[in-house]
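Participant: Structure in C-alpha coordinates, see below.
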Amino acid sequence: MMMHEPLAFRALRGTLARNAPLARHTSWRAGGPADLLYAPADRDDLAQFLRGLPAATPVTVLGLGSNVLIRDGGIRGAVVLMHNPGGALAVADGLVYADAGVACPKLARFAAMHGCAEAEFLAGIPGTVGGALAMNAGCYGGETWAHVARVEMLGRDGTFAVRTPADFAIGYRSVATRDGAPLDALFTAAWFRFPVGDAAKARARIKALLAQRIATQPLALPNAGSVFRNPAEGKTAAQLIQSCGLKKLERNGVRISEKHANFIVNPGGAGRAADIEWLIGQVQQKVEEFKGVQLVTEVKIVGNPA
(Lines give C-alpha, C1' and ligand atoms only; values in the text may rest on other atoms or scores of the structure.)
Protein backbone atom coordinates (compact mmCIF):
# COMPACT_ATOMS: atom_id res chain seq x y z
CA MET A 1 0.00 0.00 0.00
CA MET A 2 1.31 3.42 -0.93
CA MET A 3 1.51 6.35 1.46
CA HIS A 4 -1.28 8.31 -0.27
CA GLU A 5 -3.82 5.46 -0.03
CA PRO A 6 -5.11 5.95 3.56
CA LEU A 7 -7.51 8.59 2.19
CA ALA A 8 -9.87 5.63 1.67
CA PHE A 9 -9.91 5.07 5.46
CA ARG A 10 -11.16 8.44 6.72
CA ALA A 11 -14.45 6.97 8.00
CA LEU A 12 -12.80 4.34 10.19
CA ARG A 13 -13.31 4.38 13.96
CA GLY A 14 -10.42 2.13 14.95
CA THR A 15 -6.70 2.84 15.33
CA LEU A 16 -4.52 2.92 12.21
CA ALA A 17 -0.70 3.00 12.23
CA ARG A 18 2.05 2.66 9.63
CA ASN A 19 5.39 0.90 9.94
CA ALA A 20 4.17 -0.24 13.36
CA PRO A 21 6.41 -2.41 15.59
CA LEU A 22 4.82 -5.82 16.18
CA ALA A 23 7.09 -7.19 18.92
CA ARG A 24 4.88 -5.57 21.57
CA HIS A 25 1.90 -7.45 20.13
CA THR A 26 3.48 -10.92 20.30
CA SER A 27 3.98 -13.12 23.33
CA TRP A 28 7.59 -13.82 22.26
CA ARG A 29 8.28 -10.05 22.26
CA ALA A 30 10.10 -10.39 18.94
CA GLY A 31 9.44 -9.53 15.32
CA GLY A 32 9.62 -6.68 12.83
CA PRO A 33 7.06 -4.02 11.86
CA ALA A 34 3.82 -4.14 9.91
CA ASP A 35 3.40 -1.95 6.86
CA LEU A 36 -0.08 -1.15 8.15
CA LEU A 37 -1.52 -2.04 11.57
CA TYR A 38 -5.21 -1.71 12.34
CA ALA A 39 -7.13 -2.25 15.58
CA PRO A 40 -10.83 -2.16 14.61
CA ALA A 41 -13.46 -0.62 16.84
CA ASP A 42 -15.89 -3.49 16.14
CA ARG A 43 -16.88 -6.01 13.48
CA ASP A 44 -18.55 -3.43 11.23
CA ASP A 45 -15.51 -1.18 11.44
CA LEU A 46 -13.31 -4.13 10.46
CA ALA A 47 -15.56 -4.77 7.45
CA GLN A 48 -15.18 -1.14 6.43
CA PHE A 49 -11.41 -1.39 6.72
CA LEU A 50 -11.26 -4.50 4.52
CA ARG A 51 -13.48 -2.88 1.91
CA GLY A 52 -11.00 0.01 1.73
CA LEU A 53 -7.96 -2.19 1.16
CA PRO A 54 -6.71 -2.83 -2.37
CA ALA A 55 -7.54 -6.43 -3.30
CA ALA A 56 -3.85 -7.29 -3.74
CA THR A 57 -2.91 -6.20 -0.19
CA PRO A 58 -2.29 -9.26 2.02
CA VAL A 59 -4.00 -9.34 5.42
CA THR A 60 -2.60 -11.02 8.54
CA VAL A 61 -4.61 -11.41 11.74
CA LEU A 62 -3.12 -11.23 15.25
CA GLY A 63 -5.01 -12.02 18.43
CA LEU A 64 -2.96 -12.26 21.60
CA GLY A 65 0.18 -12.85 19.53
CA SER A 66 0.78 -16.36 20.85
CA ASN A 67 1.52 -19.34 18.60
CA VAL A 68 3.15 -17.07 16.02
CA LEU A 69 6.69 -16.03 15.12
CA ILE A 70 6.97 -12.82 13.12
CA ARG A 71 10.31 -12.57 11.36
CA ASP A 72 12.53 -9.54 11.91
CA GLY A 73 11.78 -8.04 8.50
CA GLY A 74 8.15 -7.67 9.51
CA ILE A 75 4.93 -8.26 7.60
CA ARG A 76 4.07 -6.72 4.26
CA GLY A 77 0.52 -5.51 3.78
CA ALA A 78 -1.97 -5.07 6.61
CA VAL A 79 -2.06 -6.61 10.07
CA VAL A 80 -5.34 -6.62 11.98
CA LEU A 81 -5.36 -6.79 15.79
CA MET A 82 -8.36 -8.88 16.81
CA HIS A 83 -7.97 -9.08 20.60
CA ASN A 84 -10.99 -7.42 22.20
CA PRO A 85 -11.16 -7.58 26.02
CA GLY A 86 -14.72 -6.25 25.81
CA GLY A 87 -15.86 -8.76 23.20
CA ALA A 88 -19.38 -10.16 23.52
CA LEU A 89 -20.25 -13.43 25.24
CA ALA A 90 -23.81 -14.72 25.42
CA VAL A 91 -25.96 -17.82 25.87
CA ALA A 92 -29.01 -18.41 23.67
CA ASP A 93 -30.87 -21.44 22.30
CA GLY A 94 -28.51 -23.82 24.07
CA LEU A 95 -25.40 -22.34 22.43
CA VAL A 96 -22.60 -20.17 23.79
CA TYR A 97 -21.75 -17.21 21.55
CA ALA A 98 -18.30 -15.57 21.57
CA ASP A 99 -16.73 -12.80 19.51
CA ALA A 100 -13.47 -13.85 17.86
CA GLY A 101 -11.49 -11.30 19.88
CA VAL A 102 -12.45 -12.83 23.23
CA ALA A 103 -9.60 -14.58 25.06
CA CYS A 104 -10.10 -18.34 25.34
CA PRO A 105 -9.70 -18.42 29.16
CA LYS A 106 -12.50 -15.85 29.42
CA LEU A 107 -14.76 -18.06 27.31
CA ALA A 108 -13.91 -21.04 29.53
CA ARG A 109 -14.91 -19.15 32.68
CA PHE A 110 -18.10 -17.82 31.05
CA ALA A 111 -19.16 -21.30 29.94
CA ALA A 112 -18.47 -22.71 33.42
CA MET A 113 -20.54 -19.97 35.05
CA HIS A 114 -23.47 -20.94 32.81
CA GLY A 115 -23.38 -24.62 33.68
CA CYS A 116 -21.51 -25.94 30.65
CA ALA A 117 -19.17 -28.93 30.69
CA GLU A 118 -16.15 -29.73 28.50
CA ALA A 119 -15.21 -26.07 27.93
CA GLU A 120 -12.62 -26.05 30.70
CA PHE A 121 -9.72 -26.94 28.37
CA LEU A 122 -10.05 -23.49 26.78
CA ALA A 123 -8.59 -21.99 29.95
CA GLY A 124 -5.24 -23.47 28.93
CA ILE A 125 -5.16 -21.86 25.47
CA PRO A 126 -3.24 -18.54 25.58
CA GLY A 127 -5.01 -17.00 22.61
CA THR A 128 -8.28 -15.66 21.29
CA VAL A 129 -11.34 -17.51 20.08
CA GLY A 130 -10.51 -16.49 16.51
CA GLY A 131 -7.02 -17.93 16.79
CA ALA A 132 -8.36 -21.13 18.33
CA LEU A 133 -10.79 -21.49 15.44
CA ALA A 134 -8.09 -20.85 12.83
CA MET A 135 -5.85 -23.67 14.08
CA ASN A 136 -8.26 -25.97 15.92
CA ALA A 137 -6.38 -25.24 19.14
CA GLY A 138 -6.57 -27.76 21.92
CA CYS A 139 -5.07 -28.99 25.16
CA TYR A 140 -5.88 -31.22 28.14
CA GLY A 141 -7.83 -33.60 25.90
CA GLY A 142 -10.09 -30.98 24.29
CA GLU A 143 -10.18 -29.42 20.82
CA THR A 144 -11.94 -26.25 19.71
CA TRP A 145 -13.84 -27.56 16.69
CA ALA A 146 -15.28 -30.52 18.61
CA HIS A 147 -17.70 -27.99 20.09
CA VAL A 148 -18.36 -25.57 17.21
CA ALA A 149 -21.97 -25.35 15.98
CA ARG A 150 -21.35 -22.54 13.49
CA VAL A 151 -19.05 -19.59 12.85
CA GLU A 152 -19.28 -16.13 11.39
CA MET A 153 -16.63 -15.12 8.86
CA LEU A 154 -15.73 -11.88 7.15
CA GLY A 155 -14.47 -11.93 3.59
CA ARG A 156 -11.99 -9.57 1.97
CA ASP A 157 -14.92 -7.88 0.22
CA GLY A 158 -16.27 -6.82 3.63
CA THR A 159 -19.27 -9.17 3.65
CA PHE A 160 -20.21 -11.54 6.47
CA ALA A 161 -21.23 -15.19 6.10
CA VAL A 162 -22.25 -17.90 8.56
CA ARG A 163 -20.68 -21.33 8.01
CA THR A 164 -20.86 -24.72 9.72
CA PRO A 165 -18.15 -27.32 10.44
CA ALA A 166 -19.23 -29.16 7.28
CA ASP A 167 -17.76 -26.27 5.27
CA PHE A 168 -14.22 -26.96 6.53
CA ALA A 169 -11.51 -29.61 6.49
CA ILE A 170 -10.63 -29.88 10.18
CA GLY A 171 -7.60 -31.76 11.47
CA TYR A 172 -5.10 -31.81 14.29
CA ARG A 173 -4.12 -28.15 14.80
CA SER A 174 -5.29 -27.32 11.29
CA VAL A 175 -8.35 -25.85 9.59
CA ALA A 176 -8.76 -25.32 5.85
CA THR A 177 -11.56 -24.93 3.35
CA ARG A 178 -13.43 -28.07 2.37
CA ASP A 179 -11.18 -28.61 -0.66
CA GLY A 180 -8.04 -28.20 1.47
CA ALA A 181 -7.20 -24.63 0.44
CA PRO A 182 -6.14 -22.00 2.99
CA LEU A 183 -8.96 -20.14 4.71
CA ASP A 184 -10.37 -17.39 2.52
CA ALA A 185 -11.96 -15.23 5.24
CA LEU A 186 -11.48 -14.05 8.85
CA PHE A 187 -13.30 -15.56 11.82
CA THR A 188 -15.34 -12.90 13.60
CA ALA A 189 -17.54 -14.99 15.94
CA ALA A 190 -18.55 -18.53 16.87
CA TRP A 191 -21.42 -20.41 18.47
CA PHE A 192 -20.37 -23.36 20.64
CA ARG A 193 -22.41 -26.34 21.79
CA PHE A 194 -21.27 -27.68 25.15
CA PRO A 195 -23.03 -30.38 27.18
CA VAL A 196 -24.79 -29.41 30.38
CA GLY A 197 -22.59 -29.75 33.43
CA ASP A 198 -22.08 -28.67 37.00
CA ALA A 199 -20.88 -25.05 37.31
CA ALA A 200 -18.97 -25.64 40.54
CA LYS A 201 -17.17 -28.69 39.15
CA ALA A 202 -16.30 -26.82 35.96
CA ARG A 203 -14.83 -23.90 37.90
CA ALA A 204 -12.84 -26.30 40.07
CA ARG A 205 -11.43 -28.05 37.00
CA ILE A 206 -10.42 -24.73 35.46
CA LYS A 207 -8.62 -23.83 38.67
CA ALA A 208 -6.82 -27.20 38.65
CA LEU A 209 -5.84 -26.92 34.98
CA LEU A 210 -4.46 -23.41 35.47
CA ALA A 211 -2.45 -24.60 38.48
CA GLN A 212 -1.06 -27.43 36.37
CA ARG A 213 -0.18 -25.00 33.61
CA ILE A 214 1.64 -22.68 36.01
CA ALA A 215 3.55 -25.64 37.48
CA THR A 216 4.67 -27.13 34.16
CA GLN A 217 5.08 -24.21 31.73
CA PRO A 218 7.48 -21.21 31.75
CA LEU A 219 4.72 -18.60 31.95
CA ALA A 220 6.93 -16.02 33.65
CA LEU A 221 9.07 -15.64 30.51
CA PRO A 222 8.09 -14.49 26.99
CA ASN A 223 7.05 -17.58 25.02
CA ALA A 224 4.57 -18.54 22.31
CA GLY A 225 3.18 -21.75 23.77
CA SER A 226 4.05 -25.19 22.43
CA VAL A 227 6.44 -24.81 19.50
CA PHE A 228 5.98 -28.24 17.90
CA ARG A 229 3.01 -30.52 17.33
CA ASN A 230 3.11 -33.81 19.15
CA PRO A 231 3.86 -36.72 16.79
CA ALA A 232 0.93 -38.99 16.00
CA GLU A 233 2.47 -41.89 17.90
CA GLY A 234 5.12 -42.43 20.53
CA LYS A 235 6.73 -39.78 22.69
CA THR A 236 5.56 -36.18 22.88
CA ALA A 237 7.58 -33.42 21.24
CA ALA A 238 8.84 -32.33 24.67
CA GLN A 239 10.02 -35.85 25.50
CA LEU A 240 11.84 -36.17 22.18
CA ILE A 241 13.56 -32.80 22.58
CA GLN A 242 14.63 -33.56 26.14
CA SER A 243 15.87 -37.05 25.26
CA CYS A 244 18.16 -35.47 22.64
CA GLY A 245 19.78 -33.35 25.36
CA LEU A 246 18.49 -30.11 23.90
CA LYS A 247 17.14 -28.46 27.03
CA LYS A 248 18.89 -25.13 27.58
CA LEU A 249 20.07 -24.97 23.95
CA GLU A 250 20.64 -21.22 23.59
CA ARG A 251 21.38 -18.44 21.14
CA ASN A 252 21.68 -14.75 22.06
CA GLY A 253 19.63 -15.26 25.22
CA VAL A 254 16.82 -17.19 23.53
CA ARG A 255 16.73 -20.76 24.83
CA ILE A 256 14.82 -24.00 25.16
CA SER A 257 12.96 -23.81 28.45
CA GLU A 258 14.35 -25.78 31.37
CA LYS A 259 10.78 -26.19 32.62
CA HIS A 260 9.20 -27.54 29.43
CA ALA A 261 11.28 -28.66 26.45
CA ASN A 262 8.57 -27.82 23.89
CA PHE A 263 8.76 -24.14 24.85
CA ILE A 264 11.29 -21.58 23.64
CA VAL A 265 11.68 -18.58 25.93
CA ASN A 266 12.99 -15.11 25.21
CA PRO A 267 13.87 -13.56 28.59
CA GLY A 268 13.40 -9.81 28.58
CA GLY A 269 12.50 -9.89 24.90
CA ALA A 270 16.22 -9.48 24.20
CA GLY A 271 16.45 -12.06 21.40
CA ARG A 272 15.43 -11.60 17.80
CA ALA A 273 13.02 -13.66 15.74
CA ALA A 274 16.01 -14.99 13.79
CA ASP A 275 17.41 -16.47 17.01
CA ILE A 276 14.11 -18.21 17.74
CA GLU A 277 13.85 -19.56 14.21
CA TRP A 278 17.44 -20.82 14.41
CA LEU A 279 16.58 -22.75 17.58
CA ILE A 280 13.49 -24.21 15.94
CA GLY A 281 15.62 -25.43 13.02
CA GLN A 282 18.27 -26.89 15.33
CA VAL A 283 15.68 -28.84 17.30
CA GLN A 284 14.11 -30.23 14.14
CA GLN A 285 17.51 -31.23 12.76
CA LYS A 286 18.71 -32.94 15.95
CA VAL A 287 15.46 -34.79 16.68
CA GLU A 288 15.34 -36.16 13.15
CA GLU A 289 19.02 -37.09 13.31
CA PHE A 290 18.88 -38.84 16.68
CA LYS A 291 15.28 -40.09 16.83
CA GLY A 292 14.20 -40.33 13.19
CA VAL A 293 11.18 -38.11 13.87
CA GLN A 294 10.33 -35.01 11.83
CA LEU A 295 8.89 -32.43 14.22
CA VAL A 296 6.30 -30.13 12.65
CA THR A 297 5.89 -26.64 14.05
CA GLU A 298 2.65 -25.75 15.78
CA VAL A 299 3.82 -22.16 15.83
CA LYS A 300 3.07 -20.30 12.60
CA ILE A 301 6.09 -18.50 11.13
CA VAL A 302 5.17 -15.41 9.11
CA GLY A 303 6.82 -12.34 7.63
CA ASN A 304 10.15 -11.59 6.01
CA PRO A 305 13.73 -12.05 7.25
CA ALA A 306 15.59 -8.89 8.18
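Participant: Ordering Asp198, Asp99 from largest to smallest accessible area (1.4 angstrom probe), what's the sequence?
Facilitator: From most accessible down to least: Asp198, Asp99.
Participant: Mind listing the long-range amide H neighbours of Gly73? Cut-off is under 5 Å, sequence gap 5 or more, other chains count too, H placed in the peptide plane at 1.01 Å from N.
Facilitator: When sequence neighbours closer than 5 places are left aside, the close amide H contacts are Gly32, Asn304, Ala306.
Participant: Report the number of Lys pairs in the chain whose alpha-carbons are under 15 Å apart, with separation of 8 or more residues or on distinct chains.
Facilitator: Here the count comes out as 6.
Participant: Only four residue types carry charge here, +1 at the Cβ of Lys and Arg and -1 at the Cβ of Asp and Glu. Report the dipole size of the chain about the Cα centre in Debye, rounded to the nearest 20.
Facilitator: My answer is approximately 720 debye.
Participant: Further, regarding this structure: In debye, nearest 20: dipole of region 173-245 around its Cα centre with unit charges on the Cβ of K, R (+) and D, E (-)?
Facilitator: In total the dipole reaches around 340 debye.
Participant: Okay, next question. Where does the charge balance sit around Gly87 when Lys and Arg score +1, Asp and Glu -1, over other residues with C-beta under 13 Å from its C-beta?
Facilitator: -1
Participant: Near the amide H of Arg255, under 5 Å away, which other amide H atoms are found, from residues 5 or more places off or on another chain, if H is placed in the peptide plane?
Facilitator: For Arg255, the qualifying residues are Val265.
Participant: Report, in deg cm²/dmol and to the nearest 500, the calculated mean residue ellipticity at 222 nm for the chain, where each DSSP H run with n ≥ 4 adds -39500 (n - 2.57) and the sum is divided by the residue count.
Facilitator: Counting only the DSSP helices, I get -7000 deg cm²/dmol.
Participant: Per residue, how many Å² of accessible area does the chain show with a 1.4 Å probe?
Facilitator: 46 Å²
Participant: Count charges around Ala202 for me, please; just the other residues with Cβ under 12 Å from its Cβ, Lys/Arg as +1, Asp/Glu as -1.
Facilitator: +2
Participant: While we're here: Measure off, as a whole percent, the carbon and sulfur share of the 1.4 Å-probe accessible area of region 64-180, all protein chains present.
Facilitator: Solvent-exposed carbon and sulfur of region 64-180 make up 54 percent of the total.
Participant: Once you list every other residue whose beta carbon is under 14 Å from the beta carbon of Ile170, what net charge do they have if Lys and Arg are +1 and Asp and Glu are -1?
Facilitator: +1
Participant: Assuming a ≥ b ≥ c are the square roots of the Cα gyration tensor eigenvalues, decide whether the chain counts as rounded (a/c under 1.5), prolate (otherwise, with a/b larger than b/c) or oblate.
Facilitator: Note, shape of the chain comes out oblate.
Participant: Show me the ranking of peptides 224-237, 155-168 by mean Cβ neighbours inside 10 Å, starting with the highest.
Facilitator: In descending order of packing, they fall as 224-237, 155-168.
Participant: Right, next: When the accessible area of region 212-274 is split by element with a 1.4 Å probe, what percent falls to carbon and sulfur?
Facilitator: 47 percent
Participant: Starting at the first residue of region 284-298, write each ³J(HN,Hα) from the Karplus equation 6.51 cos²θ - 1.76 cosθ + 1.60 with θ = phi - 60°, in whole Hz, x for Gly and Pro.
Facilitator: Going residue by residue, I get 4, 5, 5, 5, 5, 5, 8, 10, x, 10, 8, 7, 9, 5, 7 Hz, with x marking Gly and Pro.
The values are calculated or read from the model by the stated rules, or taken from the named source; none is laboratory data. Everything quoted here is computed from the prediction, not taken from an experiment. Note: ideal-geometry Cβ built from the backbone for every residue, glycine included; neighbour counts use all protein chains shown. When the accessible area is computed, the model is the full protein with side chains, heavy atoms only, and any ligands, DNA or RNA have been set aside. Shrake-Rupley method; radii C 1.70, N 1.55, O 1.52, S 1.80 Å.
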